[in-house]
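Readers should treat all values here as calculations from the given coordinates under stated rules, not as data from a laboratory. Just so it is clear, the structure is predicted and the values come from calculations on it, not from any experiment. Heads up, the Cβs are rebuilt from the backbone with ideal geometry, glycines too, and the neighbour counts pull from every protein chain shown.
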There are 2 protein chains.
Amino acid sequence: MPEPVVVLIEDEPQIRRFLRATLTGEGYRLFEAPTAGAGVIEIGSRQPDAVVLDLVLPDMDGLEVIRRVRQWSGVPIIVLSARGQERDKVCALDAGADDYVSKPFSSGELLARLRVALRHAAGASQPENAVFKLGGLHVDLLRRNVMLDGREVRLTPTEYKLLTTLIRYAGRVVTHQQLLREVWGPNHDSMAHYVRVYMGHLRHKIEAEPARPRYLLTEPGVGYRLADG
Amino acid sequence: MPEPVVVLIEDEPQIRRFLRATLTGEGYRLFEAPTAGAGVIEIGSRQPDAVVLDLVLPDMDGLEVIRRVRQWSGVPIIVLSARGQERDKVCALDAGADDYVSKPFSSGELLARLRVALRHAAGASQPENAVFKLGGLHVDLLRRNVMLDGREVRLTPTEYKLLTTLIRYAGRVVTHQQLLREVWGPNHDSMAHYVRVYMGHLRHKIEAEPARPRYLLTEPGVGYRLADG
DNA sequence: CGCATTTTTTACGGAGTTTTTACGCTCCGC
DNA sequence: GCGGAGCGTAAAAACTCCGTAAAAAATGCG
């Protein structure tokens with residue numbers, strides 16, 4: 001995995017230097033901004049995995065930074081602040097910050113809280129759709145639905161499992177025994193007629209002319225094969 | 001509108017009393033456990049929206065509680081502790097805690113951090129964009145109210161949890177087992193009829209024609225799916 | 001404690017799915 | 001041509017799953 005990207009918005013050069021050493025030393029890719037304005041732009045262009053934000057900045061209130069960023073990004077924001085009053089913390093957290101660390105802080109704690117933030121971000125990212133396409137046939141393996149020429153095709157669990165098994169071996173021959181084992185489980189090796197019956201069902205639902213299949217091809221004496229591109 | 005459920009694991013009666021007043025006063029549904037063992041059981045059976053955990057407990061290390069719960073649940077865990085050493089914080093956060101508040105703490109800060117946790121659980125980075133919309137169905141995940149064509153719909157806690165779980169996977173199929181685990185907790189895998197009964201309840205409250213659902217769709221043999229766009 | 005709400009159990013009809021059985025077809029070699 | 005093996009189809013039988021209702025148990029609340 002690539003190194004996590006962090007944007008640091010902090011005006012005091014001394015703290016910047018310290019955090020630069022800490023974060024880069026831990027393997028983070030760090031981008032720094034000394035002002036709120038530059039920071040917001042930096043977040044927009046770098047699309048970081050997390051943001052470390054000092055609340056006290058010369059040009060703009062840190063809370064305003066949070067609110068602006070939250071209009072278009074859910075990136076985890078960890079606030080750093082010299083002010084440890086309850087009121088400050090509540091305002092920042094309710095504005096959309098994910099954590100609040102008071103100065104003086106220890107590098108270990110900040111790093112640990114950064115790991116928590118990245119954990120959250122990693123969990124939130126949805127896996128993209130894995131969709132198998134072959135001619136007019138679209139099989140969305142994540143959403144578990146099958147489309148033929150734009151129409152939704154309703155498949156029973158066994159039909160779906162059979163189809164996805166063939167997709168997994170797309171283009172290659174799959175023997176009767178393999179299909180039986182993968183779809184019906186072990187101890188069904190002699191039930192080859194199941195496969196024939198269900199291949200018929202599938203063809204009726206997926207093929208324009210079930211008698212002249214374009215996708216679900218028979219390999220006589222061996223098994224079946226899903227046509228490839 | 002079901003209230004957020006919080007499990008509090010804390011052995012000192014004094015702090016328990018204080019937090020009980022604070023949290024119930026803010027509209028949380030609170031379940032308390034004085035020991036780690038009881039706490040883990042409570043989390044498993046209540047399936048709370050967040051956990052507040054004191055690290056120092058009579059029967060088991062708080063870190064062990066975190067590790068056990070993390071085996072089967074991603075529920076946000078906020079650690080309370082009298083120990084404010086960097087080492088303690090890092091250990092707890094790396095063990096899977098989501099936040100760490102040192103005693104003495106202010107109730108306002110704890111409540112704010114709890115709101116952050118619930119925001120995360122609702123899948124929103126910012127209070128505003130936590131409304132799920134689908135046709136005439138509006139679900140405010142932070143305020144926890146459900147509107148259908150402008151009218152408020154009263155849901156029981158279990159109904160609400162079932163609906164929000166489906167929302168989290170909107171458009172994708174969710175298996176019976178997934179629903180059981182996320183709504184009823186572990187050790188309910190064989191109770192598939194719960195899901196059928198509650199899906200019926202939900203449809204009666206949300207669907208115009210429960211027999212011809214437009215939102216809460218059945219995926220025969222697999223589970224259910226919330227219609228998308 | 002008694003009441004209202006919610007959750008858990010139980011039962012059943014009907015729809016849909018899987019399994020089983022049967023039969024016609026074609027492609028072979030004989 | 002004949003017969004057998006493998007393939008495709010159809011339909012009956014057995015089974016599972018879904019939705020519903022309603023009773024029973026648990027829970028929360030005054």
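When Rg and the Kirkwood Rh are both derived from Cα coordinates, the Rg/Rh ratio for the range A:103-184 amounts to 1.32. Annotation: amide H of A:R143 has no partner in the under-5 Å range at sequence separation 5 or more or interchain, hydrogens built in the peptide plane.
If you place +1 on the Cβ of every Lys and Arg, -1 on the Cβ of every Asp and Glu, and leave all else neutral, what size is the dipole of the range B:1-151 about its Cα centre, to the nearest 20 Debye?
340
Within the listed set B:A117, B:A211, B:A38, the Gaussian network model of chain B (springs between alpha-carbon atoms below 10 Å) gives the highest mean-square fluctuation for B:A211. When Rg and Dmax are taken over the Cα atoms of the range B:74-229, they come to 18.5, 59 Å. For the range A:195-223 versus the range A:1-24, the inter-centroid distance based on Cα atoms is 60 Å.
DSSP beta bridges confined to the protein assembly as shown are antiparallel in about 50 percent of cases.
Working note: Debye formula, equal point scatterers on the alpha-carbon atoms of the range B:21-69, no solvent; log10 I(q)/I(0) at q = 0.22, 0.30, 0.31 Å⁻¹ is -0.79, -1.20, -1.25. Suppose R0 equals 22 Å; then what is the FRET efficiency for A:M191 and A:D140 from their Cβ-Cβ distance, rounded to the nearest 0.05? The calculated FRET efficiency here is 0.15.
Comparing B:G96, B:G84, B:G185 in a Gaussian network model of chain B where C-alpha atoms under 10 Å apart are linked, the largest mean-square fluctuation is found at B:G84.
With the charge dipole of the protein assembly as shown set up from +1 on Lys and Arg Cβ and -1 on Asp and Glu Cβ about the Cα centre, the Cα lying farthest toward the positive end among the listed residues B:S102, B:L23, B:L217 is that of B:L217.
Extension gain for A:L118-A:A21 works out to 33.0 nm (0.36 nm per residue, less the C-alpha to C-alpha distance). In the range A:42-109 the Cα-Cα distances spread across 10 Å bins starting at 0 as 21, 56, 23, 1 percent of all pairs.
Annotation: for a label point projected 7 angstrom from Cα along Cα→Cβ of A:R151, residues of the range A:188-229 with backbone N closer than 19 Å are A:200-216.
The alpha carbons of the range B:160-229 occupy a box of 34, 23, 22 Å along the principal axes, longest dimension given first. Each other copy holds its own label point for A:G108; taking that point as 7 Å from Cα along Cα to Cβ, the gaps run 3.1 nm, nearest first.
Among beta bridges identified by DSSP and lying wholly in the range B:7-150, the antiparallel ones come to about 35 percent. Each helix, a run of at least 4 DSSP H residues, gives -39500 (n - 2.57); summed and divided by the residues of chain B, these come to -12000 deg cm²/dmol at 222 nm.
Electrostatic bookkeeping for B:L137 treats Lys and Arg as +1 and Asp and Glu as -1; over the other residues with beta carbon under 14 Å from its beta carbon, the sum is -1. Taking a ≥ b ≥ c as the square roots of the eigenvalues of the Cα gyration tensor, the range B:78-131 is oblate, since a/c reaches 1.5 or more and a/b is not larger than b/c.
Work out, in µm²/s and without decimals, the Stokes-Einstein translational diffusion coefficient of the protein assembly as shown at 10 °C, 1.306 mPa s, Rh from Kirkwood over C-alpha pairs.
Using the Kirkwood radius from Cα pairs, D works out to 63 µm²/s.
Quick check: from the Cα gyration tensor, does the range B:1-84 come out rounded (a/c under 1.5), prolate or oblate? The shape class here is oblate. Among residues other than B:G25 with Cβ under 13 Å from its Cβ, the summed charge is +1 (Lys and Arg +1, Asp and Glu -1).
Stretching the chain fully between B:Q71 and B:V222 yields a gain of 51.9 nm (0.36 nm per residue, less the alpha carbon separation). Couplings 3J(HN,Hα) for the range A:172-180, derived from phi with the Karplus relation 6.51 cos²θ - 1.76 cosθ + 1.60 (θ = phi - 60°), are 9, 6, 10, 6, 3, 4, 4, 4, 4 Hz, where x marks Gly and Pro.
Kindly provide log₁₀ I(q)/I(0) values, in the same order as q = 0.14, 0.15, 0.22 Å⁻¹, from the Debye equation applied to equal alpha-carbon scatterers of the range A:1-140. The Cα Debye sum returns log10 ratios of -0.62, -0.70, -1.50. Please report the spacing between the Cα centers of the range B:70-126 and the range B:169-192 in Å, no decimals. Comparing the Cα centres of the range B:70-126 and the range B:169-192, I get a distance of 26 Å.
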